[in-house]
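Here is the structure we will look at.
The values are calculated or read from the model by the stated rules, or taken from the named source; none is laboratory data. Just so it is clear, the model here is predicted, and its values are computed rather than measured. Glycine also receives a Cβ, built like all others from the backbone with ideal geometry; neighbour counts cover every protein chain displayed. Side chains are part of the model used for accessible areas, which takes the heavy atoms of the whole protein and leaves out ligands, DNA and RNA. Shrake-Rupley method; radii C 1.70, N 1.55, O 1.52, S 1.80 Å.
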Amino acid sequence: GAGADNDLYINQAIVFIEDAIQYRSINHRVDSSSLWLYRWYYSRTCQWILSLTITVILALAFIEEPSSLTVTSDVRYRLPAWNPPCGLTESIELLCFLVFVVDVSVKSYLIGWKEFWKNKWLMAYILTLIVYLTDWIVSLSFFCKESVRIRRILRPFFLLQNSSMMKKTLKSINSTLPEMASVLLLLAVHLSLFTMFAMLLFARTKDNQQDKEWVVYFRNLPDSLTSLLVLLTTANNPDVMIPAYSKNRAYSIFFILFTVLGNLFLMNLLTAIIYNQFRGYLLKSVQSSLFRRRLGIRAAFEVLSSLKETPASAQQSCVSTGALLQVLQKAEMDSRCKQAIMRSLKMCSCDQLSAAQFQKLFEELDKDAIKQHPPSPEYPSHYLQKMQLAFGHPYFGYLGNVVALANIISICVVLVMDADKQPSERDDFFLGAINCFFILYYLLEMLLKILAMGLKRYLSYSSNRFDGLLTIILLILEIATFAVYGFPHPGWRPEFMGLLSLWDMVRLVNMLIVFRFLRIIPNMKFMALVVTTLLDLVKNLRAFAGILVVVFYAFAITGIMLFKGAVVPLGNTRYSNFLQGAQKNSRAEFTGSCAPFSIKKVVVLYFKGKNTISWCSTHFQAEVIYCVLYVLSIHLICRWAKIYFVAWWLISSVIWVNLFVALLLENFIHKWDRHCQRESLSDIEYQRTVELMFRDVLEEPTEEELMEKLHQHPHLQLCR
């Protein structure tokens, strides 16, 4: 009947508007049961369960053998790690697997069979699950004793496929690769030519004492290529040229030319190309997101215009305001946007909305989120009004910054004076006294600001919340110190009592005071601009952080599988023989950047019983990686082990860091332009999203493009 059709159109419009809000595709089934299933799948509960499942399956690597559940990664000091019994993690994996099967089944059903074959991500999802299940069965067949688990490398895929922004980012990176490849090829040519020059320049001579450069760095082609590749990262600079420089100062010209051409020109050229190309591809991705939003809104308009209550005499399609209000009440969207659209709708004098009016109402979704602070309280007393004016003035905040600076300086003076003293000789009276004085001032300042601004207005500023929270923590710590150790007095050095010693309590208070000094950032406009840029990157560019997690996870698991068992345990005869042979080998001498690391230390700390946390932390330490690479490739496995570390350096340092720099520049330039165009308002905070970063340069889709796309919808039949 007509009532059932109207309910279906209303539900379709609700789903289309929710798709537009989340930038989702509208190419899915639109019958009543499918719409219910679609809304259930994208509900907060269902998405929370899916996110929790992905987190759990990724976290399994930290408890699987080799387990990361130890305080230290040093095998000389840590206790034997707890390894779960066979079947425990496999049972958790099975539960996660079932959730993923439901996930891919619902997705495949909702988009339909034809759309499924066009969706490469879903096909890859199913293939990944098949491989995962096969490896899981093999693992149980071997009673969890198999040496290689392929499914551990596949786990990051579940995180990747669940985020549309991560998939767009990966597509943009893939499109940028051809341009990056040209510069990387030029970099490879540069590296190869200088490798040949180095082998000719530092060739072996009759005098063994003068051949240190050849022995350590340029003995053969792989060693020469590795030495210059590491020099490109500056990890072995200037150690790589010290032997040659000691022989003849003119040899430094070779290394200077290599560094200038490689680091100053080619690497920065790569950054410029990545910034230019990736910004363009990201802009296209955001443009497609805008098209999806406009298409979802237009689809909602079209289905609402099919309602039976729409006047038949209307020459063009229109939607009644009552139907739109009904949709808005049921749709899940931000309360700020919903209230703004409803206000605009109530202000509209007409009962029917055209397509242009309908689309204009939902432009509220594209606007900046504005946070307006509550007003200050109005006091009837003249005395309180004067206090409010004095303590609410910016100069009162500047005075607090000066006091905080004085506190930092006093702490530095005391620390410098007591730097060389033994704990028994240290008198904590002065430091305890000044901490007490400053904390009381901070408490008084917080109370006076609350009096002047009111509690709601005070808490509406993030800087005040930060300031107040630290002040309360400092006050609690100071009260606890007095309760345990008494009030400060000359010779205040009581014995250890409670959980922390007096010196530990004082140090903790001082660390929080130093951290509290960050309150000056909002008062310095240019510093605040830099900090807000970084915060925007943290809040909005989660997709890039997600891909970085995927890369770290994949390389960590691969490293565990490749190098597990490469070093025999301590006390083993083979291990002792290995160390003796390595020390006799002239090529195994650690010079330059590897000098602080003995072979034994590097091998024991980085390859014995390596676990996931250790591998992730290893990837942050470039110089140690160089030493580990040297030991592995020469003494333990083979020279091909270098490929693993070089691949990591290319992906993380060369490509990914440059991508991050490009996005950082884009975000900063955008904020700088906005900062120069308008004065910042003290009572208003503007918040940006990734899509809004490019909002000024995006092109609005035409009506013809929208209608053409709607008519291509595989499951929606329009009346016109």
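Mind counting the residues in region 245-273 that are among the small types (Gly, Ala, Ser) and open to solvent by 40 Å² or more (accessible area, probe 1.4 Å)? Outline the logic, then answer.
Of all residues in region 245-273, those among the small types (Gly, Ala, Ser) come to 246, 250, 252, 262, 272.
Still in the list and also open to solvent by 40 Å² or more (accessible area, probe 1.4 Å): 246, 250, 272.
Residues in region 245-273 being among the small types (Gly, Ala, Ser) and open to solvent by 40 Å² or more (accessible area, probe 1.4 Å): 3 in total.
With the requirement that a residue be in contact (Cβ under 8 Å) with a residue 60 or more places away in the chain and over 25 Å from the mean Cα position of the chain (by Cα), what does region 71-86 give you? Step through it out loud before you land on a result.
To start, the set of residues in region 71-86 that are in contact (Cβ under 8 Å) with a residue 60 or more places away in the chain comprises 73-76, 81.
Selection gives Asp74, Val75, Arg76, Ala81.
Give me the pairs, please: first residue somewhere in region 541-570 and within 18 Å of Arg151 (Cβ to Cβ) and among the small types (Gly, Ala, Ser), second residue anywhere and modelled with pLDDT under 80 and crowded, with 16+ Cβ neighbours inside 10 Å, beta-carbon distance under 6 Å, and either six or more positions apart or on two chains.
Short answer, once both residue conditions are applied: Ala556/Thr612; Ala556/Trp615; Ala556/Cys616; Gly559/Trp615.
Which number in (1) within 28 Å of Ile547 (Cα to Cα); (2) at pLDDT below 85 marks the one condition that Val216 misses?
(1)
Testing Val148 on (1) outside the structural domain of Ile256 (by the TED database); (2) modelled with pLDDT of 90 or more; (3) surrounded by fewer than 18 Cβ atoms within 10 Å (Cβ to Cβ); (4) of a type in the set (A, V, I, L, M), one condition comes back false. Which one is that?
(2)
Could you list, in sequence order, the residues of region 71-106 that are closer than 23 Å to Arg151 by Cα, assigned to a loop (DSSP other than H, G, I, E, B) and open to solvent by 40 Å² or more (accessible area, probe 1.4 Å)?
Trp82, Asn83, Pro85, Cys86
Determine the pairs where a residue that is closer than 14 Å to Thr234 by Cβ, located within region 248-266, has a partner that is not small (Gly, Ala, Ser) and not in a helix (DSSP H, G or I) with Cβ atoms under 6 Å apart, the partner being 6 or more residues away or on another chain.
Cβ pairs passing all conditions: none.
Taking region 107-139, which residues are without any contact (Cβ under 8 Å) to a residue 60 or more places away in the chain, hydroxyl-bearing (Ser, Thr, Tyr) and surrounded by fewer than 17 Cβ atoms within 10 Å (Cβ to Cβ)?
Answer for region 107-139, where residues must be without any contact (Cβ under 8 Å) to a residue 60 or more places away in the chain, hydroxyl-bearing (Ser, Thr, Tyr) and surrounded by fewer than 17 Cβ atoms within 10 Å (Cβ to Cβ): just Thr134.
In region 147-218, which helices (runs of 4 or more DSSP H) lie fully inside it and hold 1 or more residues that are more than 27 Å from the chain's Cα centre (by Cα) and not aromatic (Phe, Trp, Tyr)? Talk me through it step by step, then tell me what you get.
Working: elements: 151-161, 164-201, 212-216.
Filter on region 147-218 gives 164-201, 212-216.
Report whether or not Met180 is hydrophobic (A, V, I, L, M, F, W, C), open to solvent by less than 60 Å² (accessible area, probe 1.4 Å) and farther than 25 Å from Trp640 by Cα. Steps first, please.
On the way: hydrophobic (A, V, I, L, M, F, W, C): yes; open to solvent by less than 60 Å² (accessible area, probe 1.4 Å): yes; farther than 25 Å from Trp640 by Cα: no.
No: the conditions fail for Met180.
Do the conditions hold for Asp19, that is, is it surrounded by fewer than 13 Cβ atoms within 10 Å (Cβ to Cβ) and in contact (Cβ under 8 Å) with a residue 60 or more places away in the chain?
On the way: surrounded by fewer than 13 Cβ atoms within 10 Å (Cβ to Cβ): no; in contact (Cβ under 8 Å) with a residue 60 or more places away in the chain: yes.
No.
Just a yes or no: is a residue in region 12-33 assigned by the TED database to the domain that holds Arg152 and within 30 Å of Ala331 (Cβ to Cβ)? Outline the logic, then answer.
Step one: filter region 12-33 for residues assigned by the TED database to the domain that holds Arg152, giving none.
No, there is no match, as no residue in region 12-33 is assigned by the TED database to the domain that holds Arg152 and within 30 Å of Ala331 (Cβ to Cβ).
Filter region 38-70 down to the residues that are without any contact (Cβ under 8 Å) to a residue 40 or more places away in the chain, part of a helix (DSSP H, G or I) and among the β-branched types (Val, Ile, Thr) and list them by number.
Thr45, Thr55
Please work out if Tyr42 is open to solvent by 20 Å² or more (accessible area, probe 1.4 Å) and more than 23 Å from Trp113 (Cα to Cα).
no
Taking region 87-125 as the search range and keeping residues that are small (Gly, Ala, Ser) and closer than 28 Å to Leu35 by Cβ, which one is farthest from the chain's Cα centre (by Cα)? Reasoning before the result, please.
Here is the first cut: in region 87-125, the ones small (Gly, Ala, Ser) are 87, 91, 105, 108, 112, 124.
Checking the rest, the ones that are also closer than 28 Å to Leu35 by Cβ come to 105, 108, 112, 124.
On the way: Ser105: 30, Ser108: 30, Gly112: 34, Ala124: 25 Å.
For region 87-125, the residue satisfying everything is Gly112.
Of the conditions (1) open to solvent by less than 40 Å² (accessible area, probe 1.4 Å); (2) under 20 Å from Ser305 (Cα atoms); (3) out of contact with any Asp or Glu (no Cβ under 6 Å at 6 or more places or on another chain), Arg29 satisfies every one except a single condition; which number is it?
Unmet condition: (1).
Looking at Gln359, Gln329, Gln372, Gln316, which one is under 27 Å from Tyr42 (Cβ atoms) and either in the same structural domain as Arg465 (by the TED database) or loosely packed, with under 13 Cβ neighbours inside 10 Å (or both)? Don't jump to the end; show me each part of the working.
Details: Gln359 fails: either in the same structural domain as Arg465 (by the TED database) or loosely packed, with under 13 Cβ neighbours inside 10 Å (or both); Gln372 fails: under 27 Å from Tyr42 (Cβ atoms); Gln316 fails: under 27 Å from Tyr42 (Cβ atoms).
None of the other options fit; the residue is Gln329.
Of all residues in region 183-228, which are within 18 Å of Val646 (Cα to Cα) and of a type in the set (A, V, I, L, M)?
Val183, Leu184, Leu185, Leu186, Leu187, Ala188, Val189, Leu191, Leu221, Leu225, Leu228
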